[in-house]
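The values are calculated or read from the model by the stated rules, or taken from the named source; none is laboratory data. What you see is a predicted model; the values in this text were computed from it and never measured. Reconstructed Cβ throughout: ideal geometry from the backbone, glycine too, with neighbour counts over all protein chains shown. Protein only, heavy atoms only, side chains kept; ligands, DNA and RNA dropped before computing areas. Shrake-Rupley method; radii C 1.70, N 1.55, O 1.52, S 1.80 Å.
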Amino acid sequence: MTDVAEQLQLHSGCRNASYNHPMDKSVAVIGGGPAGLIAAEVISARGVRVDLYDSMPSLGRKFLMAGRGGLNITHSEPFEQFLSRYRKRQAQIEPLLKSFGPTELREWVHGLGIETFVGTSGRVFPKGMKASPLLRAWLKRLAASGVTFHLRHKWRGWLPSASAAVPGGEDAAWSLLFATPAGEKTIRPDATVLTLGGGSWSRLGSDGAWVPWLEQAGVKVEALKPSNCGFDVVWSPHFRERFNGYPLKSVILSFGSFRQRGEFIVTKEGVEGSLIYAASARLRDEIAAKGSATITLDLAPDRSLEWLVEKLSRPRGSRTMASHLEKTVGIKGVKAGLLHEFVAREDFTNVERLASSIKELHIPLIAARPLDEAISSAGGVMFEELDEHLMIRSMPGVFCAGEMLDWEAPTGGYLITACIASGYTAGLGVVKWLEVS
């Protein structure tokens, strides 16, 4: 039986007798998101005592927030295409997904008694769409396996100082310090799994406060940056007030080699939404390198340039330009507003130039929105600091998983899948470490 199949049996409640005896060990999992919860499940299924700590009053808050519009747990596309979504970190994410990827994740969800379905876009959702039933079933299973939850426990680093620690030593340097409602608390587990999230949505617990603690321990951490984020655009006052919150539907966004059809939203500050998020990593990096990034929009993706020229060449008569655009080529509302925002007034009387602008409208972006507004974050603990089990090489017994690792992916199920896959890998790594330590 493979590791994955064996673990799925354990997840479904069919404990293998060889793992039914408890180890005289304890593990601290810090962070109650998907990565931490799956790590706790894998470890506790092997008979190890697990204490899970989270700074918030309840677990899985960002997970629940992500599911408010429908919990997209993974994607059904072919594995190689799925893997390509992780861009620069494909090589590091691949072994995690091969251990616990989209297929295994769906089977695991089914093991919780929740059915899934594939939407028209290929995205995978639980029936009912909501995150809360899945989370409730998951926490019930963890509690039944003996996991103890410690809420309102905010990790404050190691005592007395991780930077002074001797790897594998017997001093108190690897003790964990927590701030709790009852005051400071110190524990010394046999192994620790850090699943502290990135730097976005700090109100839900992912505030990046862990970065200095790891850096003081000598662990290299890539600076946290916004991912799946919106961008600032210098709108005119009229456009900003008139079109704030308007969706821009059925357009093609191009930027370098990126070209994708979809929709996004105009905001007072600029642009945000699924199509913008899909290109956000490229756009963010371009702005960091050059100070700005210009996207190109095709406002009429189902029409050719020649068709637009022919239609726009028809006599306008007494109609206004706005009416002419709407009646002849169907451009109205926010699309027409964008043309007036970025096309010179004289070009509206030049049919060829106007048609070209409809097919290739250039919009300059000047900055990414702040990290705390982003759906996720890039940067984090560098994979080069970790072994194949996600244990920090310089800190034996300390593992990292989830969004706090240095990777990023677009929305569409890729974020949750990789978080859970990394937590699964770290969980198995802890068990292996405890068996030989």
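Observations
- Principal-axis tilt of helix 90-99 within the chain, Cα atoms, nearest 10 degrees: 60
- Close Lys pairs in segment 171-326 (alpha-carbon distance under 28 Å; sequence gap of 8 or more, or different chains): 8.
- The aspartates and glutamates within cross-link reach of K130, meaning a Cα-to-Cα straight distance under 19 Å and a gap of 8 or more places when in the same chain, are E107, E115.
- Burial order of peptide ranges 345-356, 276-287, 385-396 (average beta-carbon count within 10 Å, highest first): 276-287, 385-396, 345-356
- The mean accessible area for residues of the chain, using a 1.4 Å probe and ignoring ligands and nucleic acids, is 44 Å² per residue.
- Check: the chain dipole with +1 on Lys, Arg Cβ and -1 on Asp, Glu Cβ, in debye: 1480
- More than 31 angstrom apart: percent of Cα pairs within the chain: 46
- Part-to-part distance (alpha-carbon centres) for segment 173-248 and segment 294-359, which is given in Å: 43
- Residues with amide H under 5 Å from that of W407, placed H, sequence gap 5 or more: G379
- Sorting 315-323, 65-73, 411-419, 369-377 by their mean Cβ neighbour count within 10 Å, with the most densely packed peptide first, gives 411-419, 369-377, 65-73, 315-323.
- Annotation: for a label point projected 7 angstrom from Cα along Cα→Cβ of T328, residues of segment 347-386 with backbone N closer than 11 Å are 348-355.
- Estimated at 0.36 nm per residue, the fully extended path between L151 and K220 surpasses their Cα-Cα distance by 22.0 nm.
- For the pair segment 131-152 and segment 369-417, the centres of their Cα atoms are 23 angstrom apart.
- Largest first and in whole Å, the equivalent-ellipsoid semi-axes of segment 294-426 read 52, 14, 11, each the square root of five times a Cα gyration tensor eigenvalue.
- Estimated dipole of segment 366-437 in Debye, rounded to 20 [Cβ of Lys and Arg +1, of Asp and Glu -1, Cα centre]: 120
- Rounded percent of accessible protein surface that carbon and sulfur make up, segment 308-375, 1.4 Å probe: 50
- Shape category assigned to segment 161-320 from the gyration tensor of Cα positions, a/c cut at 1.5: prolate
- DSSP-defined beta bridges in the chain - what % are antiparallel, rounded to 5: 70
- The angle between the Cα long axis of helix 280-290 and the main principal axis of the chain comes to about 80°, on a 0 to 90 degree scale.
- Within straight-line reach of K88, meaning a Cα separation under 20 Å, sit the following aspartates and glutamates at least 8 residues removed in sequence or on another chain: E77, E80, E222, D285, E286, E384, E385, D387, E388, E403, D406, E408.
- Acute angle (nearest 10 degrees) that the helix 34-44 long axis makes with the longest principal axis of the chain, alpha-carbon atoms: 20
- Positive-end extreme of charge dipole, the chain - chosen from Y246, V430, P410 (charges on Cβ): Y246
- Rh by Kirkwood over Cα pairs, then Stokes-Einstein D for segment 339-388 at 1.567 mPa s and 4 °C, µm²/s: 86
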